[in-house]
Amino acid sequence: MKKQQLPYFEFRDFPTGMDEEVKQALIKATYSKQYILGAKGAAFDHAFASYIGAGAAIGVGNGYDALVIALKACGISVGDEVLLPANTFIATINAVLQAGAKPVLVEPDVNTFNITAAGAAKAISSETKAIVPVHLYGQACEMEEVVKLAEKFNLKIIEDAAQAHGATYKQQKVGSFGHASAFSFYPTKNLGALGDAGAVVTSDPELEAFIRRYRNYGEAGKYNSVLVGVNSRLDELQAAVLRVKLQYLDELNAERQRLAEVYLSELQDIEGLSLPYSAPCCAHVFHIFNVRTKHRDALQAGLQQQGISTAIHYPVPLHLQPAYSFLGHRQGDFPVAEELSQTSLSLPLFPGLKEQEQESVINAVKAFFRNK
Ligand SMILES: *Cc1c(COP(=O)(O)O)cnc(C)c1O
């Protein structure tokens, strides 16, 4: 008999009925015949800002654009150095380069895998203008220290919150700490659209005004160009979808956290397997459930044999990717990031994952280590 396949990620109707609600909102938005910068986008911007606890959210085309626009709004440009973790998705570094600045990579913390103020402090120079904390896998960075460091060295903070919608540091939502923050609503993110979408969040009215213009060709009003901008607007249909799903974000995150708790308790005490660590004060919304083992490749192959798909975030750290060889780094420059890339494995965790499916993952992992 063929083994049942379990994908790493699948879209499921969770909570039950959300799909139908999304469908109805989509049909309504279609018939509203207003497709660009209309009421749906404005309503989502408002609701998302209020959810994050920030002054404003400005919908844009995707998470990468959100990062570029946030950096530009903060005045980052040619000659500036920007600190970012060596272990992140390439969007973070590409955005820094797109803004014309020089990316300066920082070794992540060995336990949380997030950038820390202490780590970042070592990389500060007279040209450093900004820091981009990435709330990796859904865990909030330790923001109090990051804010203190930024104040001391007069740095702008641009949070990359693309994996951490709803995560909190000391009860405050990520995305509300930075001068500007970037969110992605890529379909598989904790808050996902049905295509590309993103948002910049800020509580600074001047930045908000810049961002609203910049994402719409730099126009202050129709045919009144006040700066050279781009076209990166949040689509009205995606805004309608996101407005519905935002109402369920806390429930979706709670389900991710519940599933994570099951993994954490069932997989504890396996020799050779490290489980994700959550720092006190740093809430984790488990965009990714990342385990580590030096038998990573064998474990991945073993699970695949049982029909269980996994993923690796990320198999090559930024400094060892050919595209960034011009930064002049080599193997050994960021041992923690390198170790992570060799040992990390992301287990299936998504809202709607069934109990027996999760059990099959747990049993397969246990069996793998029993036979080691
Ligand atoms: C997904 C992601 C982005 C980019 O978002 P897109 O919407 O795909 O452009 C940026 N940073 C991180 C850390 C991400 O995970």
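Every read-out reported here was derived from the displayed coordinates using simple, explicitly stated rules and does not represent laboratory data. Just so it is clear, the model here is predicted, and its values are computed rather than measured. Methodologically, a virtual Cβ is constructed for each residue, glycine included, from the backbone with ideal geometry; neighbour enumeration extends over all protein chains shown.
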**Report entry** Tally, over segment 326-368, of residues that are closer than 26 Å to Asp109 by Cβ and assigned to a helix (DSSP H, G or I)
**Finding:** 11
**Report entry** Matching entry among Ala164, Ala182 (being touching a residue at least 12 places away in the same chain (Cβ under 8 Å), crowded, with 24+ Cβ neighbours inside 10 Å, outside any strand (DSSP E or B) and within 16 Å of the ligand (Cβ to nearest atom))
**Finding:** Ala164
Report summary line: Result of the Cβ filter at 9 Å on segment 128-141, keeping first residues that are over 14 Å from His165 (Cβ atoms) and partners that are within 9 Å of the ligand (Cβ to nearest atom) and among the acidic types (Asp, Glu), at least 6 apart or interchain, is Val132/Asp160; Pro133/Asp160
Report summary line: Screening Ala199, Ala193 for residues that are farther than 16 Å from Ile69 by Cα, within 13 Å of the ligand (Cβ to nearest atom), surrounded by 22 or more Cβ atoms within 10 Å (Cβ to Cβ) and not basic (Lys, Arg) leaves only Ala193
Requested in this report: Restrict the check to segment 39-60 and report whether at least one residue is out of contact with any Leu (no Cβ under 9 Å at 6 or more places or on another chain) and within 16 Å of the ligand (Cβ to nearest atom).
Outcome: yes
Requested in this report: Give segment 126-161 a look and list any residue that's of a type in the set (A, V, I, L, M, F, W, C), within 13 Å of the ligand (Cβ to nearest atom) and under 23 Å from Ala193 (Cα atoms), or say none.
Outcome: Val134, Leu136, Ile158, Ala161
Report task. Restricting attention to segment 170-179, report how many residues are away from the ligand (no atom under 13 Å from the Cβ) and either part of a loop (DSSP other than H, G, I, E, B) or among the hydroxyl-bearing types (Ser, Thr, Tyr) (or both). Result -> 6
Report task. Among what's in segment 289-321 and is part of a helix (DSSP H, G or I) and without any contact (Cβ under 8 Å) to a residue 40 or more places away in the chain, pick the residue that is nearest to Leu273 (Cα to Cα). Result -> Asp297
Report task. For Gly79, indicate whether it is farther than 30 Å from Thr128 by Cα and either touching a residue at least 24 places away in the same chain (Cβ under 8 Å) or within 16 Å of the ligand (Cβ to nearest atom) (or both). Result -> no
